[in-house]
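Quick note: the coordinates plus some simple rules give every number you see, no bench work behind them. Only a predicted model underlies this, so the values are computations on that prediction, with no experimental measurement involved. As a convention, Cβ positions derive from the backbone with ideal geometry for all residues, glycine included, and neighbour counts pool all protein chains shown.
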Amino acid sequence: MAVAAKPGYSCPYCATSFNTVDDLKDHVLKVHGTEALPRPEGYVKLTVNGQAWELEVAPNWTLFYLLHDQLGYTGAKTFCDRGACGSCTVIIDGRPVLSCMTLAIECDGKNIETAEGIAAAKHPLIEAYVKHHAMQCGYCTPGFVVTAKALLDRNPDPTVEEIKEALAGNLCRCGTYPQHPIAIIEAAKKVLAARSENTPA
Amino acid sequence: MRSFAHFNAATVDEAVSVLRRYGGKATVIAGGTDVLGRMKDEILPAYPEALVNIKTIPGLDFIDEIDGVIIIGALTRLEDIALNRAVQASCPALAEAARRTASTHLREMGTIGGNICQDVRCWYYRNPDNRFSCLKKGGGRCYAINGDNRYHSIFGGSVDQGCYAVHVSDMAPALVALDAAIKTSRREVRAEEFFKVGMLRTTILDDDEIVTEIKIPKPVGWSAFFKFALRKAIDFPIVNCAAMMALAEGKVTEARICLNAVHGTPYRARKAEEVMIGVSINEDTAEAAGSAAISAAIPLTKNGYMVQIAKTMVKRAILACNCPDKL
């Protein structure tokens, strides 16, 4: 995939790049004599794991490419690159989606959650996955964890059948499938317990 | 992926005008699960110069029920349709078709409009880098006829009878069985008239036309959807079938049966429908209807097995419609 520009802030009039939005605004005001900063397409604002980004992206960048290669969120992996394996799963506005089949330019205003964010929040899923060793080579694991997190957000007490259906789009060639429902059910119990502790009776 | 221009359409008119400006060289993108795969693989002789994103058009993502009529916006994602109570209650075939499509992730991305507008499946047509310049691309010959045709049409060819690629949508047969109407930016057509395979196209849509709404009239009877695929998840159907049966005093008064993945367009099994009219639903009549459904089959060298699966799918779908009390 062609690299068109580094993430940063480039001037829509002359393409000079800047490190911060304020520098860009100063430049636009001084050099081009206008205060209003036009928003050309390719200029997106998005939130990744709570951190806000304002970036310029090329139309043919996938969200996966932006997250993994440009911003360094390497949790999502690419394997099939055609939407069939689930390794590149991220959560966009609560929905588990495939970042390899999503264009970065279409993610303006979206709230994105990756495996890094789930790990940083110390979600019980991570511990449960380690405890039950629901991985072998580990390449597909972030995709499974992100999908499971999206499931638990919506359905805090899933059955084994519901877990199997939610994870049906994640492939694991090591064959760790039986471990995932065990780990997810244990994590779900912890999430529910933590929730009831926090809610006053 | 090579580069292209990208437009976020704010209204249907804006999307149409950009498409018109590019005169067939622009492609609509909604969920993107089909179009991005096509672009990454570069299966087509011409690469789109522009993508028109219609996800930014407000008001096309909804499911409404008005007096039994269900109206679904073209941008409604399949997962939302599968989980919608109104759809589950009156159009079980549609809810089940949505639930059986691909995987959770793809259902969270893919829209109903995109699902019915997806391109046909054939591993020669879809081979990366346009390696087979086949009939549907204007190359003059279908490679499936003498090649490996295990997943190809059993009801003859399309595009002047020469292309054996199949339409694999799960939503399409359900919409045909439920007699849905498809509203586009300029007209409204019945679902079964919407699909038409031609050179590089699978629907009647013009280059500057997009699907906006799908309208399902109040169903006259219970409906059912069955899908046969190698794996339960992700896979496209080998054969799928949707049926709707209206019953009065135990006898079928109206029958609509549609198979898919067996032809270039959803295949309405009219002969099976004729068998069912005026009889009750039981093993024998469903079996007879299944046989009638495949009476016109002309399988290729390696897809004869699909004929038997099609027969069984029709039989099971009919039997599952025998629920007069549920609606």
Selection of GluC sites (Glu not before Pro), region A:17-125, meeting DSSP coil and at most 13 other Cβ within 10 Å: A:Glu35
Expected-Rg normalisation [2.2 N^0.38 Å, Cα atoms] applied to the protein assembly as shown: 1.03
Region A:92-191, dipole about Cα centre (Lys/Arg Cβ +1, Asp/Glu Cβ -1), debye to the nearest 20: 280 debye
Angle in degrees between helix A:21-32 and the longest Cα principal axis of chain A, rounded to the nearest 10: 20 degrees
Under 17 Å, Cα to Cα: Lys pairs in region A:122-196, sequence gap 8 or more or different chains: 10
Amide proton proximity set for B:His6, modelled H, under 5 Å, gap of 5+: B:Leu51
Dipole moment magnitude, nearest 20 debye, chain A about Cα centre, only Lys, Arg, Asp, Glu C-beta charged: 420 debye
Of A:Ile163, A:His133, A:Gln179, farthest towards positive along the dipole that unit charges on Lys, Arg, Asp, Glu beta carbons give region A:122-196: A:His133
Per-residue mean of C-beta atoms belonging to partner chains within 10 Å, peptide A:81-88: 5
Set of region A:171-188 residues, backbone N closer than 18 Å to the point 7 Å along the Cα-Cβ line of A:Glu127: A:182-188
Calculated log₁₀ intensity ratio I(q)/I(0) where the Debye formula runs over C-alpha points of chain B, q = 0.09, 0.10, 0.12 Å⁻¹: -0.45, -0.55, -0.80
Reference-scaled alpha-carbon Rg (2.2 N^0.38 Å with N residues) for chain A: 1.20
Kirkwood-based Rg to Rh ratio, region B:1-141, C-alpha trace: 1.02
Rounded to the nearest 20 debye, dipole of region A:9-117 from Cβ charges on Lys, Arg, Asp, Glu: 220 debye
Separation in nanometres of the label points that stand 7 Å from Cα toward Cβ, at A:Asp93 and A:Ser17: 2.9 nm
